[in-house]
Number of protein chains: 2
Amino acid sequence: MSHKLSLGIDLGGTAIKAVVIDESGNILNSLQVDTPPGRAVNDVTQAIVDLINSLYRDRPGIVGVGLGSPGLVDEGRKIIRFSPNFPGWQNVPLWKLIKEQVSLPLALENDVNCFALAEHHWGAGRTFKHLLGLAVGTGVGGAVILNDQLYRGSSGAAGELGHVSVDLWGPKCPCGNFGCVERYLGVQWFIEAAREALDDDQISAPDQVSSLAAQGNQNAIAFLENRGEILGSACVSLIHAFDPEAIIIGGGIAQSGEPFFRGIKRAIQERAYPVLADHVQVRSAKLGTSAGAIGAAIIGFETGSLL
Amino acid sequence: MSHKLSLGIDLGGTAIKAVVIDESGNILNSLQVDTPPGRAVNDVTQAIVDLINSLYRDRPGIVGVGLGSPGLVDEGRKIIRFSPNFPGWQNVPLWKLIKEQVSLPLALENDVNCFALAEHHWGAGRTFKHLLGLAVGTGVGGAVILNDQLYRGSSGAAGELGHVSVDLWGPKCPCGNFGCVERYLGVQWFIEAAREALDDDQISAPDQVSSLAAQGNQNAIAFLENRGEILGSACVSLIHAFDPEAIIIGGGIAQSGEPFFRGIKRAIQERAYPVLADHVQVRSAKLGTSAGAIGAAIIGFETGSLL
């Protein structure tokens, strides 16, 4: 009995996570290191190479490595075009830098694409052919799966759903656009708006708001519903554009609980074409914080099987 | 030398247009009748059947018939689920009603999908694999072509791009959503807003505004640029979601000239990710008012070749 294994790596702003999985999605090993302070290209590259070497030593059955990275990944040219959380990363040839030290097949992919792939394979999206993934955390990331395939667009940038605008006259987003959904739900703006809505300057993390809501604080409940309605309104535009079967929502803020999802679903019921509102499923992601690394490992299997 | 021909029909609110084309897209016949007043299902069906019979008599080489219809077309079930400009049309089995009287292979498709297919085959979209089509006229219709294929979504409703919202707090659209791009650019609202912007209650058609703009009326120019910027802002969200190579814009209001397109392009340059703004092409449709019927005929060829 032969077991093919794949290694997936999820490069994040604070940590680099790695998993080794088998073809059924079972996690055989997992390892995590801090992202090097300063996030210099060479330091990050070395940390990734060390992770790969350390896991490959234990698991020689690994057939490929997938690496999920934030930002715009040019899958063809194998570079990070830019990455909002990695200052100075412009057209970084990360694939080449790693391949100079690692002989395993390697593929680079956007981290939210990895998250959505994982949920599609083994999580909340398993039964759907056409789905959108939204990862609501530090920022708001998105991914598009059509006909069971990741849709990457004409230059590898499709699925930047956090930069769909809900208000063309809204506040400016660092990306250059106005009223982006990320500008209301990304953690920094979520906290800023929560402080105002709850009149409480002590709020420093989204889970404080969900705790207050769980304790019955009506302002906290209303705030979470409101953030859900804003995200849900963006979902309505995406439903009209993509007609997906499901929208899978993950990331830290998706842990905010029932009021947040109630707001999302209410916006869809009230605003989308009725036939589509009844058709689309909104689901909470199931695979937790390992989804990105698991999805990267799926990409690793694909790359490995090309040889 | 055998010539395969196809018959395409474009069902509109005021006219039903039909063309017979060959495989190079040359129009061999064209015919147009008024849409029966009242738009009753039986009357419309009979008018379409009469058009098919009359053209088939002259052109026995026709291998299939494509019919483009406004509204949500359920391609699988071959019905019109609903159609905003055809009051009372709910789940109309148009395919079956026509097939009872016509033996040729027949396929039903959304009319804006037909428009985009035609532009993709022989018009402004010919060189692009991934494109969005927007038809800005009575309403704002949309279509999505990915990897050279029409993308219909999970229930045949993808590409309802006129009901992408640019302002979740904006005016209510008859579709149920708020701030839809159609609510600013559909002809009725275009005229209403133009009357206000130009302080002129005599305006009753978009081309009056373009005439004024062509004569140098600064308010008319500014108004057209503004409408372009609103449409362009919706395009920015679509660019971030789909990463298309091109956006093809047709329909009556797309004839408004240079200021309108300048507004669209300015919004994209100012708001989209710079790498995507530089990458995407915004083009005016080329095939004019026959695009819908030509695209329907492309669908006719596809249906005919299935036999």
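The values are calculated or read from the model by the stated rules, or taken from the named source; none is laboratory data. Predicted model, so just to flag it, every value in this text is computed and none were measured. Heads up, the Cβs are rebuilt from the backbone with ideal geometry, glycines too, and the neighbour counts pull from every protein chain shown. Quick note on the areas: whole protein, heavy atoms, side chains included, nothing else; ligands and nucleic acids left out. Shrake-Rupley method; radii C 1.70, N 1.55, O 1.52, S 1.80 Å.
List of remarks:
- Number of the exception - B:Gly142 against (1) in contact (Cβ under 8 Å) with a residue 60 or more places away in the chain; (2) under 22 Å from B:Phe178 (Cα atoms): (1)
- Long-range neighbours under 9 Å by Cβ, at least six apart or interchain, first residue surrounded by fewer than 24 Cβ atoms within 10 Å (Cβ to Cβ) within the range A:103-123, second β-branched (Val, Ile, Thr) and not in a helix (DSSP H, G or I): A:Leu104/A:Ile62; A:Leu104/A:Val63; A:Leu104/A:Val65; A:Pro105/A:Val63; A:Pro105/A:Val65; A:Ala107/A:Val65
- Scanning the range A:112-151 for residues that are within 14 Å of chain B (Cβ to nearest Cβ) and in a loop (DSSP other than H, G, I, E, B) yields A:Gly125, A:Thr127, A:Phe128, A:Lys129, A:His130, A:Gly139, A:Asn147, A:Asp148, A:Tyr151.
- Test: residue in the range A:180-189 that is within 12 Å of chain B (Cβ to nearest Cβ), among the small types (Gly, Ala, Ser) and part of a loop (DSSP other than H, G, I, E, B): no
- Some residue of the range A:51-66 being within 14 Å of another protein chain (Cβ to nearest Cβ) and crowded, with 17+ Cβ neighbours inside 10 Å: no
- The lone exception for B:Ala241 - which of (1) within 14 Å of another protein chain (Cβ to nearest Cβ); (2) touching a strand residue (DSSP E or B) at 6+ places or on another chain (Cβ under 9 Å); (3) open to solvent by 10 Å² or more (accessible area, probe 1.4 Å) it fails: (3)
- Residue list for the range B:18-49, filter: open to solvent by 50 Å² or more (accessible area, probe 1.4 Å) and of a type in the set (D, E, K, R): B:Glu23, B:Asp34, B:Arg39, B:Asp43
- Identification of strands (runs of 3 or more DSSP E) wholly contained in the range B:1-83 with 2 or more residues that are more than 17 Å from B:Ala293 (Cβ to Cβ), assigned by TED's automatic domain parsing to the domain that holds B:Gln101 and free of Cβ contacts under 8 Å to residues at least 40 places away in the same chain yields B:79-82.
- Any chance B:Gly76 is out of contact with any strand residue (DSSP E or B) (no Cβ under 7 Å at 6 or more places or on another chain), under 28 Å from A:Val275 (Cβ atoms), within 14 Å of chain A (Cβ to nearest Cβ) and open to solvent by less than 80 Å² (accessible area, probe 1.4 Å): yes
- If you go through the range B:160-174 and keep only what is open to solvent by 30 Å² or more (accessible area, probe 1.4 Å) and facing chain A (nearest Cβ under 8 Å), you end up with B:Glu160, B:Trp169.
- Total residues in the range B:278-299 satisfying the condition of being within 12 Å of chain A (Cβ to nearest Cβ), surrounded by 17 or more Cβ atoms within 10 Å (Cβ to Cβ) and in contact (Cβ under 8 Å) with a residue 40 or more places away in the chain: the figure is 1.
- Annotation: of all residues in the range B:84-111 being assigned to a strand (DSSP E or B) and in contact with a helix residue (DSSP H, G or I) (Cβ under 8 Å, 6 or more places away or on another chain), the one that is farthest from B:Gly139 (Cα to Cα) is B:Leu106.
- Within the range B:184-205, residues that are farther than 17 Å from B:Glu229 by Cα and assigned by TED's automatic domain parsing to the domain that holds B:Phe223 have Cβ atoms under 9 Å from residues that are surrounded by fewer than 18 Cβ atoms within 10 Å (Cβ to Cβ) and hydrophobic (A, V, I, L, M, F, W, C) in these pairs: B:Ile203/B:Ile191; B:Ser204/B:Ile191; B:Ala205/B:Ile191, counting only partners at least 6 apart in sequence or on another chain.
Listed here are the residues, each with its yes/no results for (1) within 14 Å of another protein chain (Cβ to nearest Cβ); (2) open to solvent by less than 10 Å² (accessible area, probe 1.4 Å); (3) modelled with pLDDT under 95; (4) not in a helix (DSSP H, G or I).
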position	(1), (2), (3), (4)
B:Leu231	yes, yes, no, no
B:Ile247	yes, yes, no, yes
B:Arg262	no, no, no, no
B:Arg266	yes, no, no, no
B:Gln269	yes, no, no, no
B:Val275	yes, no, yes, no
